[in-house]
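The values are calculated or read from the model by the stated rules, or taken from the named source; none is laboratory data. Please read all numbers here as calculations on a predicted model, not as lab measurements. Glycine gets a Cβ as well: all are built from the backbone with ideal geometry, and neighbour counts include every protein chain shown.
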Amino acid sequence: MVNILFRWCLLSLMPLLSLVHPVEHNPVKTMHPFYVSVIEINHNAKEKTAEISIRIFTEDLEATLRKYGNAKIDLLHPADKAATDKLLNDYIQHKLQLKIEGKPVTLHYLGYEQQLESIWTYLEVKDVPTMHKVAVNCSLLYDYQDKQSNMFHIKADGKERSFKLDYPEVVVSY
């Protein structure tokens with residue numbers, strides 16, 4: 001897991017390296033050694049919510065959404081932001097389900113933003129007084145790449161647990 005996080009950090013610096021030593025084509029787009037998303041689920045006991053953030057490489061997410069929605073997608077400059085939000089929300093709702101304390105919960109889409117070469121998508125689950133048991137069913141980007149890994153960091157009760165799902169694994173719980 002540390003190796004994957006190291007690669008993720010290293011890849012984050014690659015756009016900066018292309019500024020120091022520019023080349024005719026962008027090496028970040030042609031060099032893509034791994035396929036990973038990072039999903040953070042944090043329990044906010046004060047607000048009684050579960051806050052979810054999902055980090056995915058922009059080009060991977062766009063390619064997946066093009067395939068899923070059969071439409072032209074540009075997350076950085078959407079022609080129709082509302083339609084893009086709807087497609088992204090629909091995709092996540094279809095590919096990520098949670099059970100908290102043994103009960104299925106509804107993910108409320110809040111939006112997305114770009115950060116370096118990735119997209120952060122934000123969701124929330126309301127009315128979560130405790131979060132001792134979490135079950136995740138996730139197949140994000142499995143329809144794009146069979147080398148996909150989805151890493152989870154779940155924070156609740158002052159503890160953090162991390163899990164990794166590699167294609168074709170879809171279920172993890174604690």
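For residues that are over 13 Å from Y112 (Cβ atoms) and crowded, with 17+ Cβ neighbours inside 10 Å, scanning just the range 58-80, find the one that is farthest from the chain's Cα centre (by Cα).
Here the residue is Y68.
Which ranges mark the strands (runs of 3 or more DSSP E) fully within the range 124-174 that have 3 or more residues being under 15 Å from F34 (Cβ atoms)?
Filter on the range 124-174 gives 148-156, 159-166.
Going through S149, S118 one at a time, which residue ends up being under 18 Å from L165 (Cα atoms) and touching a residue at least 40 places away in the same chain (Cβ under 8 Å)?
Only one candidate passes the filter, namely S149.
Within the bounds of the range 95-114, is there any residue that is without any contact (Cβ under 8 Å) to a residue 12 or more places away in the chain, over 18 Å from N42 (Cβ atoms) and polar (S, T, N, Q)?
no
Checking the structure you have, find out if any residue of the range 105-116 is at pLDDT 95 or above, crowded, with 18+ Cβ neighbours inside 10 Å and in a strand (DSSP E or B).
Yes, the range 105-116 has at least one match.
When you go through (1) modelled with pLDDT of 95 or more; (2) over 14 Å from the mean Cα position of the chain (by Cα); (3) loosely packed, with under 13 Cβ neighbours inside 10 Å one by one for A135, which number turns out not to apply?
Of the numbered conditions (1) modelled with pLDDT of 95 or more; (2) over 14 Å from the mean Cα position of the chain (by Cα); (3) loosely packed, with under 13 Cβ neighbours inside 10 Å, the odd one out for A135 is (3).
Can you pull out the residues in the range 138-158 that are at pLDDT below 95 and either among the hydroxyl-bearing types (S, T, Y) or farther than 18 Å from E62 by Cα (or both)?
Y144, D157, G158
Only one of I119, I92 is in a strand (DSSP E or B) and either within 15 Å of the chain's Cα centre (by Cα) or surrounded by 19 or more Cβ atoms within 10 Å (Cβ to Cβ) (or both); which?
I119
Just need a number here: residues in the range 128-174 that are closer than 24 Å to G102 by Cβ and charged (D, E, K, R).
Result for the range 128-174: 8.
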